[in-house]
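Please see the structure below; I have some questions.
The values are calculated or read from the model by the stated rules, or taken from the named source; none is laboratory data. Since this is a predicted model, take the numbers as computed values, not measurements. For neighbour counting, all protein chains shown are included, and Cβ atoms are generated from backbone atoms with ideal geometry for every residue, glycine included. When the accessible area is computed, the model is the full protein with side chains, heavy atoms only, and any ligands, DNA or RNA have been set aside. Shrake-Rupley method; radii C 1.70, N 1.55, O 1.52, S 1.80 Å.
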Number of protein chains: 2
Amino acid sequence: MTVPLELPKAIDLSHHLNSIARNRFASPLKDILNYMAQPGMISLAGGLPHPSLFPFAEANVSVYPANADLKHGVVPSVDEQLTLTIPKTAPVKGALDLNSVQQYGHSLGLPELRAWLHQFTRDVFSPAYSNFEILLHEGNTAAWAKVCRLLLDAGDYILLEEFSFPSSFGPWVPEGCKGVPVKMDAHGLRADDLERVLSEWETTHPGERRPRVLYTIPQGQNPAGLSMPGDRMRDVYEVCRKYDIIIVDDGPYSCLTFREFEITPEPVVPVAETGEQFRKTLATSFLKYDYEGRVIRLDSFSKTLAPGSRLGYFVANPIFIERLLRATEVESQTPSGWSMAIVSQLLHTWGQDGYLQWLSNLRDSYELRRNIMCAALAKRFVALPADKYASAVPGCEGVALYPRGTDPATIKPDQAPVASFVPPAGGMFLWIKFYLSGAPRFRELQTAQHEDPENAFMGEMWKALADNLVLLTPGSYYVVPASSGKATTSQRGAEPAVGHFRFAFSYNDRVEMEEGIRRVEEVASKLWGY
Amino acid sequence: MTVPLELPKAIDLSHHLNSIARNRFASPLKDILNYMAQPGMISLAGGLPHPSLFPFAEANVSVYPANADLKHGVVPSVDEQLTLTIPKTAPVKGALDLNSVQQYGHSLGLPELRAWLHQFTRDVFSPAYSNFEILLHEGNTAAWAKVCRLLLDAGDYILLEEFSFPSSFGPWVPEGCKGVPVKMDAHGLRADDLERVLSEWETTHPGERRPRVLYTIPQGQNPAGLSMPGDRMRDVYEVCRKYDIIIVDDGPYSCLTFREFEITPEPVVPVAETGEQFRKTLATSFLKYDYEGRVIRLDSFSKTLAPGSRLGYFVANPIFIERLLRATEVESQTPSGWSMAIVSQLLHTWGQDGYLQWLSNLRDSYELRRNIMCAALAKRFVALPADKYASAVPGCEGVALYPRGTDPATIKPDQAPVASFVPPAGGMFLWIKFYLSGAPRFRELQTAQHEDPENAFMGEMWKALADNLVLLTPGSYYVVPASSGKATTSQRGAEPAVGHFRFAFSYNDRVEMEEGIRRVEEVASKLWGY
């Protein structure tokens, strides 16, 4: 894929760097590197251990072929597997060897892997500016912590989806930063709500510094399973541009974006695509709309290969990459040489087409899992399109779940279902909203003027589910910490009389998912009294 | 080795935690873990990708036998090599498998490896308190950055050896912290100077918070190659106890501590020892004297196996480990699963005795390299014991280097040699002090009242060396940044009319080292005019 020559360069966004990032300096030792290349030079300056004293003689890793179709549990035979070999010393100059990858290396990361990823990013994510750069990191958790230390000052406000991944709060809450939740709809983060938050900022937060960072998981959002279509990302980008916001695009699920969902009694088995078909339909990332270099994309192999490699990469403008590199030099040096070498060899062996085929098939596997879980819900509840049956229930989108045995013809448009969900458009999670006013116990808590009846009821429901041997993640875990104290549902201005659970469809097999959903429905039937 | 039952427990040192460390919270998702063990439970709560979708089928790593003697460049044949195999799924329950090590894991790190290291630490480093704990990390660079975020506040002062590893300044200089240099002698950091700095603090730094952290590389110090004997460590520990200082013991070279050095024309080849002999003579670490739990030891496999694994471990009291764990959960999760699995299998395969034998032989290899470099100096200069020939030259210790051809009988005790060095007692570096008053150009700079003649001369000498095709690391790189601006030699109160270069003996072969030293002496002879 050729890139039009007229792509602009990134603009200067260095005013976003915090004082720590500005104060970082290059190691003076690196200055000497320039002299090392001189012919005949003997350097006694470095401090490298001698590779002949590394005890590792050769590594061989057997891997699946790129076109392995794993969705039915049939694993490739040993004959079909490929072997990645990393010898102690390179047989030809430039080939990967253990002596190099086990040595101290440049903090940008293994050059062969960076080059591969640069091409992949250009071909698949197509940033709208020309001079983006790649820096390897140790997974998106480490990457986000590095970005916090790049951009945030103590006490800053950060924009996030109204429900977000709790570990992402970890780096900034202890620094005294505060989250600003932005509402979502079925297409993810709402550009209009982002505009509202920012345009009203001086009124709602007089004297407080306006947020300068948006943290978002645009595809397969955790916990909500939502994916932002292209025009939504473009609209969000333009709001961010207007208010000079840096977008941190956390993208572990970008390549796990699913096709449309239909309510069916039996799970639909996804139709395989070629890697090229997959590439064309990929939901992509904010990079595609980023003509100024204001997106810092965090990409990772945790969901596409395996989390244990602790390996991923930043895509960002050269100024941010340079400052992240300075931090990397003194905070982590490089990701593991084992991880970089094995992943690099795997990607070079598969090739870009092969990796796209792998991603396409992987997506199918998770899409099938989504379909299994959704079909299990449709089997236990009466599942109907919300826009048709619950059109007058505020905020009810996607699929509405009514008590088993409900005759659709009897449903009134303003009658709250037991629950509803937007079918996951990517990722690993189903986010189910329960409508609590149908549950006698919830009404009891309301009548008793409990200070947070939603939270109390959902806590009781979580316990009832655990007692019925099914574990879900409480929606409260994903509430953005907007202030130092705990806020009640009404204090947060959150939607009243609803509560959420996150259901993961990534790990369990079909039998477990179906039995788990059966147990959930069993508890719901008791609590909703049907 | 049995541990006496009467070892005390760590005292409560939680008042040293900074506000960020105190504010860290456990991920709420972890609460659910307690419920997962219940029989029959179906958990849809986790967010794990499915391991059947990891493309890694098996890893085989060929390694050297533990008793490989590599100092003469003879590498073990393929027949002698061992193979570490990590299958996709464990053949027996509890065995290491790729599905587990490539999955998200507990942030403490791989349990088998932690257990091995706990036993190793107990048997080899023998902490003087009972309840020390182990937390894996991504190498000592990452570990020190984590400790800075655990203990330091912006603007704090940190105690360090007067010359220290420049990358260790990286995490705290941008935070506005300042270093406090503590003088060294031939046995490393001086306890009496530490006592002086701390006892005079209120006078020398009125109104400023006293330092609470000592960062030290007690064995094979970088750059000075010094190792602290046991009684020196005990004395330093007691001063730290008196002033309530936390000792950060950066220990990558702890197992590379050498035997006594003798000046010989030919390099002495070290005599091999058994692992058990090695263990008994090991210089150990501050842990051995730590009966309160005020030492945070940073250990690493970078120098003992290979740097590319980016793997090491903290040894510290339970309160610090718990807070470091909270940080690890949101800043890095775990080290690479590849690194943890391969190193763990290697250590379990070798066993403790085997690893000690490996370390002993490795130490011999680096000790031989030290001897080669020192013999090369003795060949090019006239090398004589400083205590005998330069007894009246202030600060001249170890080996004094005089111009070639010098007749020892003519040397006066107050006559400065060209250079001197304390023979490295461990690690990878030789730290050579040059006596500049013998160099005409230096006297010229002094006469011209240059603001920093030492620094100017050493810069010119570095350039002359580079022009003569030998690279050394300038001593100025290792000067502790004690204030925000650049200070001259006299402003720093540093020893006048001397300058240092660091010579690494870890990487080059004998021919290169000897030729490099020849080139150094050639430049010295010109600059000193002999």
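Quick one: which residue in A:Ala154, A:Ala142 is within 11 Å of chain B (Cβ to nearest Cβ) and either buried (at least 24 other Cβ atoms within 10 Å of the Cβ) or basic (Lys, Arg) (or both)?
On inspection, the qualifying residue turns out to be A:Ala142.
Matching residues to (1) among the acidic types (Asp, Glu); (2) under 14 Å from A:Leu117 (Cβ atoms):
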position	(1), (2)
A:Leu298	no, yes
A:Asn317	no, no
A:Glu331	yes, no
A:Val343	no, yes
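Now, a different point. Kindly state which helices (runs of 4 or more DSSP H) lie completely within region B:317-435 and contain at least 1 residues that are within 26 Å of A:Ser332 (Cβ to Cβ) and free of Cβ contacts under 8 Å to residues at least 60 places away in the same chain.
Output list reads B:318-331, B:337-380.
Moving on. Being open to solvent by 20 Å² or more (accessible area, probe 1.4 Å), of a type outside the set (A, V, I, L, M, F, W, C) and more than 8 Å from every other protein chain (Cβ to nearest Cβ): is that true of B:Gln333 here?
Judged against the criteria, B:Gln333 is not a match.
Then there is this: Taking the criterion of being closer than 25 Å to A:Gly179 by Cα, open to solvent by less than 30 Å² (accessible area, probe 1.4 Å) and not in a loop (DSSP other than H, G, I, E, B), would at least one residue in region A:277-288 satisfy it?
yes
Across region B:237-259, what is the total count of residues that are closer than 30 Å to B:Glu202 by Cβ, surrounded by fewer than 23 Cβ atoms within 10 Å (Cβ to Cβ) and of a type in the set (D, E, K, R)?
Selection size over region B:237-259: 4.
Another question, if that's okay. Whether any residue in region B:276-284 is within 20 Å of the chain's Cα centre (by Cα) and within 14 Å of chain A (Cβ to nearest Cβ) is what I want to check.
No, because not a single residue in region B:276-284 is within 20 Å of the chain's Cα centre (by Cα) and within 14 Å of chain A (Cβ to nearest Cβ).
So, one more: Scan region B:290-312 and tell me whether some residue there is within 14 Å of another protein chain (Cβ to nearest Cβ), at negative phi and touching a His at 6+ places or on another chain (Cβ under 6 Å).
Checked against the condition, which is being within 14 Å of another protein chain (Cβ to nearest Cβ), at negative phi and touching a His at 6+ places or on another chain (Cβ under 6 Å), region B:290-312 yields at least one hit.
Follow-up. For residues that are on the phi < 0 side of the Ramachandran plot, assigned to a loop (DSSP other than H, G, I, E, B) and surrounded by fewer than 21 Cβ atoms within 10 Å (Cβ to Cβ), scanning just region A:507-530, find the one that is nearest to the other protein chains (Cβ to nearest Cβ).
Residue satisfying both the conditions and the ranking: A:Tyr507.
Here's another thing I want to ask about it. State all residues of region B:99-127 that are over 15 Å from B:Thr334 (Cβ atoms) and surrounded by 21 or more Cβ atoms within 10 Å (Cβ to Cβ); if no residue qualifies, say none.
B:Val124, B:Phe125, B:Pro127
Which one is farthest from B:Asp156 (Cα to Cα), of the residues in region B:1-20 that are open to solvent by less than 50 Å² (accessible area, probe 1.4 Å) and in contact with a Phe, Trp or Tyr (Cβ under 9 Å, 6 or more places away or on another chain)?
Among them, the one singled out is B:Leu7.
Kindly evaluate B:Asn140 against the criterion of being under 23 Å from B:Gly427 (Cβ atoms) and touching a residue at least 60 places away in the same chain (Cβ under 8 Å).
When the stated conditions are applied, B:Asn140 passes them.
Now a separate question. Where in region A:136-220 are there strands (runs of 3 or more DSSP E), lying fully within it, with 2 or more residues that are more than 19 Å from A:Leu17 (Cβ to Cβ)?
The strands (runs of 3 or more DSSP E) meeting that bar are A:157-161, A:178-182.
A further question follows. Run B:Glu262 past the list (1) open to solvent by 40 Å² or more (accessible area, probe 1.4 Å); (2) in contact (Cβ under 8 Å) with a residue 24 or more places away in the chain and report the number of the one that doesn't hold.
(2)
Further question: I'm trying to understand the selection: among the residues of region B:22-52, which are of a type in the set (Lys, Arg) and open to solvent by 50 Å² or more (accessible area, probe 1.4 Å)?
B:Arg22, B:Lys30
A:Leu98 - would you say it is of a type in the set (A, V, I, L, M, F, W, C), within 12 Å of chain B (Cβ to nearest Cβ) and under 30 Å from A:Phe25 (Cβ atoms)?
No.
Still on this structure, please answer the following. In the set A:Leu356, A:Leu347, which member is within 23 Å of the chain's Cα centre (by Cα), surrounded by fewer than 24 Cβ atoms within 10 Å (Cβ to Cβ), under 30 Å from A:Leu108 (Cα atoms) and not small (Gly, Ala, Ser)?
A:Leu347
Of the conditions (1) farther than 24 Å from B:His50 by Cβ; (2) touching a residue at least 60 places away in the same chain (Cβ under 8 Å), A:Asn455 clears all except one; give me its number.
Checking A:Asn455 against (1) farther than 24 Å from B:His50 by Cβ; (2) touching a residue at least 60 places away in the same chain (Cβ under 8 Å), the one that fails is (2).
Then there is this: Only one of B:Pro127, B:Pro91, B:Pro49 is within 14 Å of chain A (Cβ to nearest Cβ) and either over 30 Å from A:Gly354 (Cα atoms) or assigned to a loop (DSSP other than H, G, I, E, B) (or both). Can you tell me which?
Every option except B:Pro49 fails the conditions.
Identify the residue in region B:440-484 that is hydrophobic (A, V, I, L, M, F, W, C), within 22 Å of A:Pro39 (Cβ to Cβ) and open to solvent by 10 Å² or more (accessible area, probe 1.4 Å) and, among all such residues, is farthest from the chain's Cα centre (by Cα).
B:Ala464
Those residues that are crowded, with 22+ Cβ neighbours inside 10 Å and farther than 15 Å from A:Ile247 by Cα, I need them from region A:165-178; list them, please.
Residues satisfying the conditions are A:Phe165, A:Pro166, A:Phe169, A:Gly170, A:Pro171, A:Trp172.
Let me ask something else about it. Can you tell me how many residues within region A:418-439 are closer than 11 Å to A:Gly499 by Cα, open to solvent by less than 10 Å² (accessible area, probe 1.4 Å) and within 14 Å of chain B (Cβ to nearest Cβ)?
Residues meeting the conditions: 1.
Residues of region B:53-74 being without any contact (Cβ under 8 Å) to a residue 12 or more places away in the chain, open to solvent by 30 Å² or more (accessible area, probe 1.4 Å) and at the interface with chain A (Cβ under 7 Å from one of its Cβ atoms), which ones?
B:Gly73
Also, quick follow-up: Condition first: within 24 Å of the chain's Cα centre (by Cα) and more than 30 Å from A:Pro51 (Cα to Cα). Can you find one or more residues in region A:104-116 that meet it?
no
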